[in-house]
1. Check off (1) farther than 21 Å from Ala193 by Cβ; (2) without any contact (Cβ under 8 Å) to a residue 24 or more places away in the chain; (3) of a type outside the set (Ser, Thr, Tyr) for Asp81 and give me the number that stays unchecked.
2. For the range 26-49, how many residues meet the condition of being part of a loop (DSSP other than H, G, I, E, B), touching a Leu at 6+ places or on another chain (Cβ under 8 Å) and within 19 Å of Ile141 (Cα to Cα)?
3. Could you please give the count of residues in the range 132-162 that are within 27 Å of Val110 (Cα to Cα) and either open to solvent by 20 Å² or more (accessible area, probe 1.4 Å) or acidic (Asp, Glu) (or both)?
4. Condition first: in a loop (DSSP other than H, G, I, E, B), charged (D, E, K, R) and surrounded by 16 or more Cβ atoms within 10 Å (Cβ to Cβ). Now tell me which residues in the range 50-96 satisfy that.
5. Looking at Glu266, is it in contact (Cβ under 8 Å) with a residue 60 or more places away in the chain, in a helix (DSSP H, G or I), more than 17 Å from the chain's Cα centre (by Cα) and more than 19 Å from Met60 (Cα to Cα)?
6. Inspect all residues belonging to the range 215-224 and state whether any of them is modelled with pLDDT under 95 and either under 12 Å from Ile257 (Cα atoms) or touching a Pro at 6+ places or on another chain (Cβ under 6 Å) (or both).
7. Pull up the range 244-258, narrow it to residues that are at pLDDT below 95 and out of contact with any Pro (no Cβ under 8 Å at 6 or more places or on another chain), then point me to the one that is most open to solvent (accessible area, probe 1.4 Å).
8. Taking the range 226-243, which residues are loosely packed, with under 15 Cβ neighbours inside 10 Å and over 30 Å from Ala264 (Cα atoms)?
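The values are calculated or read from the model by the stated rules, or taken from the named source; none is laboratory data. Since the model is a prediction, treat every value here as computed from it, not as a measurement. Ideal geometry is used to build each Cβ from the backbone, glycine not excepted, and the neighbour counts take in all protein chains shown. Quick note on the areas: whole protein, heavy atoms, side chains included, nothing else; ligands and nucleic acids left out. Shrake-Rupley method; radii C 1.70, N 1.55, O 1.52, S 1.80 Å.
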Amino acid sequence: MPDPTTATPAAQGPAATATQGTAAPAPFFPTRRPGTPPGLALFLNAGDPPLPALHELLPMLDEEGVDCLELAVPFPDSVTDGPVIRRSARRALDTAAAGLDDVLATLAAVRPRLHRLRIALLADWSHTLKHRDPATTTREIAAAGADGLLVHALPPRLRQTYRDAATTAGLPLVTTCYTSSPPPTQAQAATEATAYLYLVAHYGRSGTAPATGHAALARTVTALRAHTDSPIAVGFGVSTRQDVEAVGAAGADAAIIGSAAVAAVEHAHHSGTDVTEALRTFVRQVLPAPAHHTA
């Protein structure tokens, strides 16, 4: 999830994201028409559920009308994640082979079965990418079938390096900003978004909601529109169909659900139920009715 540790919202904004401005935007979310519901993105840690489960889980998400999966290469102790996602990352790290190479191999195997579901790979710089060559790594991520990349906690001095590498690889990058980021920081993130712009609903940990509700983000979304043609997705504190609808009412293209989706996986583990069916039930509960369809 987005990371504010290297800068506060009142200063530079999150250094969690590599950005670039020249690659063609990936079609992560369909163009919204007035009166239509927003798209839906889910966040999951690769390895929780285990990687073999993704062979059925990803096609199910595709069939059920989920637009995007933010698939994280697991890493420990993210300061921006709440306890649900941190437990998930720890389970993935403790019980599964879920390094970058493992995740990319799984994605490459499943990708031919997907029709509409887009994959945004989330990788932490320190845990996953620090000792890898950016040009080679972005080529490998693109070749595996990822539609975009969000680099977590990327040092500012390396942002241009990753922008250039991703441009060459044809790999769009997710940019992030906060509702409390200064206007120049928001404008920069919006201008450089080529996959989509992740608007963090409030400064805090994942799983917590903004005090004023998601619909109150309309002014921020409108301001960001002046700087980008890429989709705007809102995350943090989105967990119900009503939250998704409120994000749509704010004018955003999509809502991102993290902790609530991960909690559904955790509950399936504890109850011994099938994780794919548990997430199918969850998706049907949160997708606004007009958006729910099967392939």
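1. Checking Asp81 against (1) farther than 21 Å from Ala193 by Cβ; (2) without any contact (Cβ under 8 Å) to a residue 24 or more places away in the chain; (3) of a type outside the set (Ser, Thr, Tyr), the one that fails is (2).
2. Residues meeting the conditions: 2.
3. We begin by selecting, within the range 132-162, every residue within 27 Å of Val110 (Cα to Cα); these are 132-152, 162.
Still in the list and also either open to solvent by 20 Å² or more (accessible area, probe 1.4 Å) or acidic (Asp, Glu) (or both): 132-136, 139-140, 142-143, 147.
Number satisfying all stated conditions: 10.
4. Asp67, Asp81
5. Values: in contact (Cβ under 8 Å) with a residue 60 or more places away in the chain: yes; in a helix (DSSP H, G or I): yes; more than 17 Å from the chain's Cα centre (by Cα): yes; more than 19 Å from Met60 (Cα to Cα): no.
No: the conditions fail for Glu266.
6. The answer is no, given that none of the residues of the range 215-224 is modelled with pLDDT under 95 and either under 12 Å from Ile257 (Cα atoms) or touching a Pro at 6+ places or on another chain (Cβ under 6 Å) (or both).
7. Ala249
8. Result: Ala226, Asp229.
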